[in-house]
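In what follows, a structure is listed as structure tokens, so that the remarks can point back to it.
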Amino acid sequence: MESAPQSPPQLPQDTPREPILTLPGALTAYIALLAALHLRVLLPPEMENWTIDVFGFIPKRYDSTLLAIDFPGGTGAKVWSFVTYSLLHANLSHLGFNVLWLLPFGSALARRFDALRFFIFMAVTAAAGALAHLVTHEHAIAPMIGASASVSGAMAAALRFAFVQGSFLSFRRGDAEAAAKVPALSLSRALRNTRVLGFLGVWFGVNIVFGMGSIAIGADGASVAWQAHIGGFVAGLLLFSLFDPVPRAAPNAADASSADEQGRV
């Protein structure tokens with residue numbers, strides 16, 4: 001007499017995982033703010049120009065020579081425009097390009113930081129980009145706008161943990177929260193990581209092409225403020241540790257590239 005087949009033992013179910021592509025609340029709010037402020041293009045032309053002059057970053061605003069120009073916004077604009085310029089965009093393609101790059105790197109960073117840290121970090125890297133633009137365009141009258149410096153800062157910060165085993169660019173797991181909370185590499189270890197160095201080479205190469213004037217974003221052919229990109233990127237790479245709430249990786253922790261060489265674990 002044959003016994004009835006037994007069903008396999010039930011394994012404990014894992015805690016529900018958040019998909020990688022789900023946007024965290026802080027990033028959703030940031031993108032919504034960028035989109036809402038872009039509605040300024042619906043204003044009459046004179047009002048839109050006034051908005052850019054008041055909230056855009058204009059290096060000439062800080063010129064103390066006799067040829068200085070009185071720009072709208074007065075003294076206050078000399079302070080807030082270091083950040084507010086990053087919330088304005090020239091057109092939809094400009095906005096879309098920045099949001100597209102922000103989705104993978106900004107999502108990981110927003111999950112790793114709390115909302116306050118994330119917003120402060122974006123503001124700090126925006127200011128660093130503005131400072132780099134000011135140093136290299138001391139007497140420029142044209143306003144600089146766009147979130148590219150902050151996006152570059154987010155990309156640089158995410159590189160500190162992006163290629164660590166189990167993180168969001170190592171393709172090891174589908175738990176977005178856990179992938180964003182892996183211990184980061186120290187700056188010295190990150191700069192010895194072949195994948196990080198490869199990313200840095202491509203990123204700086206693209207910005208050099210921008211700087212040579214070979215590529216323009218948008219139908220109006222506006223020039224790209226690549227120095228601001230570099231300013232935000234360097235600030236994000238160097239200042240990440242001041243914002244990171246996750247304990248640092250142990251010196252012998254394996255990154256994704258070394259794990260590939262040693263076999264999957």
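Of note:
- Kirkwood hydrodynamic radius of the stretch 35-136, from inverse mean 1/r over distinct Cα pairs, in Å: 15.2 Å
- Between the residues Leu27, Leu39, Asn49, the greatest Cα displacement towards the positive end of the dipole of the stretch 22-70, with unit charges on the Cβ of Lys, Arg, Asp and Glu, is found for Leu27.
- Residues whose amide H falls under 5 Å from that of Met144, counting only those 5 or more places apart or on a different chain, are Phe57, Ile58, with hydrogens built in the peptide plane.
- Amide H contacts under 5 Å for Gly166, placed H, 5+ residues apart: Arg172
- Leu37-Val206 FRET efficiency (beta carbon distance; Förster radius 22 Å; 0.05 resolution): 0.25
- Cut-off under 5 Å, modelled amide H: who pairs with Asp244 long-range: none
- Most to least accessible of Leu37, Leu95 (protein chains only, probe 1.4 Å): Leu37, Leu95
- The stretch 86-126 - Rg over Rh from alpha carbon coordinates, Kirkwood radius: 1.01
The values are calculated or read from the model by the stated rules, or taken from the named source; none is laboratory data. This is a predicted model, so every value here is computed, not measured. Glycine gets a Cβ as well: all are built from the backbone with ideal geometry, and neighbour counts include every protein chain shown. The accessibility values were calculated without ligands, DNA or RNA, using every heavy atom of the protein model including side chains. Shrake-Rupley method; radii C 1.70, N 1.55, O 1.52, S 1.80 Å.
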